[in-house]
Every structure is written in structure tokens, then in C-alpha cells.
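The values are calculated or read from the model by the stated rules, or taken from the named source; none is laboratory data. If you're wondering where the values come from, they're calculated on a predicted model, not measured in any experiment. Note that we place each Cβ from the backbone using ideal geometry, even for glycine, and neighbour counts take in every protein chain shown. Each accessible area value is taken on the protein alone, full model and side chains, heavy atoms only, with ligands, DNA and RNA left out. Shrake-Rupley method; radii C 1.70, N 1.55, O 1.52, S 1.80 Å.
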Amino acid sequence: MSVTKNLQTIQDQITQTANESGRDPKHVELLAVSKKQPDARIQAALDAGHRLFAENRVQEAQEHWTARRESGNYPDLKLHLIGPLQTNKAKEAVALFDVIETLDREKLARSLAKAMQSHNQYRPCLIQVNTGEEPQKAGIAPADLKDFHAFCRDECQIKIQGLMCIPPLEDPAALHFALLQKWAGLLNLPYLSMGMSGDFEKAIPLGATHIRIGTGIFGQRPNPL
Ligand SMILES: *Cc1c(COP(=O)(O)O)cnc(C)c1O
């Protein structure tokens, strides 16, 4: 198992799938999901030149990335938060992440807005949409999306750049990707974060601009959640 080889393989698949669906491969960015991965694998991805990563917990992300950021060795490093965010971690999230993909409720929008203003660090956000309306899953219900988007943008002055979803395991993912694409069009949002190791080739023809790949790059997580 080689992280370098996996990165190349996935990148080739992105290029091919984008070309086949008439999209510019440059408009599909590969987020390497480094949660729960051993440090050596993360370092291998950095050594291979990869600079775009995603994490789903603030504290773990700090362990992986704060020292690397501060080292100055990776000035073009970009980090996305793709996991649930507690309001009391908003400040730390704003300090570490370049993009927050999991904005999903008013209370969090207010906390993020406050953290961004007090630190003068304005981070673009994506709204997480619970496309499958699963009670146990984070994300705003599709029926509430339009009002929530207006609230974030107008009342909190958060720069909303796009939408993110995690389809239900039991459904065809393409249904959910199509729904997210439709909403992004209606709200005039440029970014669509959708598609993981098992389904990214379905997300690209439906407009994904950011795909989130963990195991496909790094291999199985040693202690999966
Ligand atoms: C873990 C995770 C991924 C990556 O999943 P893989 O199956 O390892 O590719 C993508 N998105 C989110 C939100 C995740 O939590």
C-alpha cells in the first residue's frame, strides 16, 4: 500500500471521470481525509506534494496539523472541516480550518460569525444538507435550506460558498448528489462537496467540486469509528 500511488490512481480516476462527463478535471479537487490515520501516512501524502486535507474533529486536526502549519514548510496547505462542530469549538475551528463544510444550524452560524469577527479571520463555509432526512445525521433538512442560507448570509454575514452532503448508506448515492446539485443551482452556489471513496465517480458527473477520500488514499483506518 503506497499513499503516493493511491493519490495518483485517484487523481487519474478523477481526470478520466471528469473528461467523460464533459467537465474540467481542474474543477474537481481531491480532499485527502486524514482522520484517524497514522502520522506516517499523512506525512507520505505531504511528501508526495498533496496539500488539501480534511478532518472531522477539531482536536484531532490540531494534533495532525498545528505544528505542521507553524513549521512554515507547507505554506499552501489547506484544511477543510467535514465533521460536526460544537459551538464551543467554533473559535478553534476558525483558527485552524480554511473552509468549514458542516454549517448546519443557526446557533453554530452565530458562533462562527462571532469567532470570525473577533479574530478578523473570515472563512468560507459550506452548508451541510441532510439530503436523506435521517434523524441521526447532521445537516439542515432540504425544506429549511433556503431560509437557513439566507440567515447565514444576511444575518451572520458568513460567506456561503456551497453545499455538502453524506448520502444514506442504503440509498443510491446519485439521487442525493443530484438533489444537492439542484439546490446549489437554485441558490447560485459554486461548491459541491460530495463523493467519498466508494461513490466519487458518481458525484463528478453531477457537479462535485470537492470529493472527500480517506481510505482510498490512506488505506483502512487502524481504529475505525
Ligand atoms: C471519513 C469521511 C470521509 C472519507 O471516507 P472514506 O470512506 O474513508 O473515503 C468523507 N466524508 C466525511 C464527512 C467523512 O467523515
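Are there any pairs, at least 6 apart or on different chains, whose C-beta atoms fall under 6 Å, with the first in the stretch 69-81 and closer than 15 Å to L31 by Cβ and the second basic (K, R) and open to solvent by less than 100 Å² (accessible area, probe 1.4 Å), and if so, which?
D76/R51; L77/R51
Mind listing whichever residues of the stretch 110-160 are charged (D, E, K, R) and closer than 30 Å to E170 by Cβ?
Keep residues of the stretch 110-160 that are charged (D, E, K, R), which gives 110, 114, 123, 133-134, 137, 144, 146-147, 153-155, 159.
Passing the criteria: E133, E134, K137, D144, K146, D147.
Within 19 Å of A93 (Cβ to Cβ), without any contact (Cβ under 8 Å) to a residue 60 or more places away in the chain and not basic (K, R): does that describe H119?
Working: within 19 Å of A93 (Cβ to Cβ): yes; without any contact (Cβ under 8 Å) to a residue 60 or more places away in the chain: yes; not basic (K, R): yes.
Yes: the conditions hold for H119.
Contact list please: Cβ distance under 7 Å, first residue in the stretch 1-30 and free of Cβ contacts under 8 Å to residues at least 12 places away in the same chain, second residue of a type outside the set (K, R) and open to solvent by less than 20 Å² (accessible area, probe 1.4 Å), pairs at least six apart or on different chains.
Once the first residue is free of Cβ contacts under 8 Å to residues at least 12 places away in the same chain and sits in the stretch 1-30, its partners that are of a type outside the set (K, R) and open to solvent by less than 20 Å² (accessible area, probe 1.4 Å) give D24/A18; P25/I14; P25/A18.
Mind listing just one residue for me: the one in the stretch 99-153 that is under 26 Å from A178 (Cα atoms) and among the aromatic types (F, W, Y) and, of those, surrounded by the most Cβ atoms within 10 Å (Cβ to Cβ)?
So in the stretch 99-153, the residues under 26 Å from A178 (Cα atoms) come out as 99-106, 109, 124-153.
Cutting the leftovers down to among the aromatic types (F, W, Y) gives us 148, 151.
Working: F148: 19, F151: 15.
Among those that are under 26 Å from A178 (Cα atoms) and among the aromatic types (F, W, Y), it is F148.
Yes or no: the stretch 46-59 includes at least one residue that is open to solvent by 50 Å² or more (accessible area, probe 1.4 Å) and in a helix (DSSP H, G or I).
Yes, the stretch 46-59 contains at least one residue that is open to solvent by 50 Å² or more (accessible area, probe 1.4 Å) and in a helix (DSSP H, G or I).
Which one of the conditions (1) open to solvent by less than 60 Å² (accessible area, probe 1.4 Å); (2) touching a Phe, Trp or Tyr at 6+ places or on another chain (Cβ under 8 Å) does K159 fail to meet, given that it meets all the rest?
(1)
Could you name every one of the helices (runs of 4 or more DSSP H) located completely within the stretch 129-225 that has at least 3 residues being within 16 Å of the ligand (Cβ to nearest atom)?
Hits in the stretch 129-225: 173-187, 200-203, 215-218.
Go through the stretch 178-204 and count every residue that is among the hydrophobic types (A, V, I, L, M, F, W, C) and open to solvent by 60 Å² or more (accessible area, probe 1.4 Å). Break it down stepwise before answering.
First, the residues of the stretch 178-204 that are among the hydrophobic types (A, V, I, L, M, F, W, C): 178-180, 183-184, 186-187, 189, 192, 194, 196, 200, 203-204.
Remaining after also requiring open to solvent by 60 Å² or more (accessible area, probe 1.4 Å): 186, 196.
Final tally of qualifying residues: 2.
If I ask for residues that are open to solvent by 60 Å² or more (accessible area, probe 1.4 Å) and either part of a loop (DSSP other than H, G, I, E, B) or of a type in the set (A, V, I, L, M, F, W, C) (or both), which ones from the stretch 65-89 would you list?
Selection gives A67, N73, P75, D76, P84, Q86.
Does R212 count as closer than 29 Å to C152 by Cα and charged (D, E, K, R)?
Working: closer than 29 Å to C152 by Cα: yes; charged (D, E, K, R): yes.
Here the answer is yes, as R212 does meet what is asked.
Could you grab the pairs with beta carbons closer than 8 Å, sequence gap of 6+ or different chains, first residue in the stretch 205-218 and under 17 Å from A48 (Cβ atoms) and open to solvent by less than 20 Å² (accessible area, probe 1.4 Å), second one near the ligand (Cβ under 9 Å from one of its atoms) and part of a helix (DSSP H, G or I)?
Short answer, once both residue conditions are applied: I213/F200.
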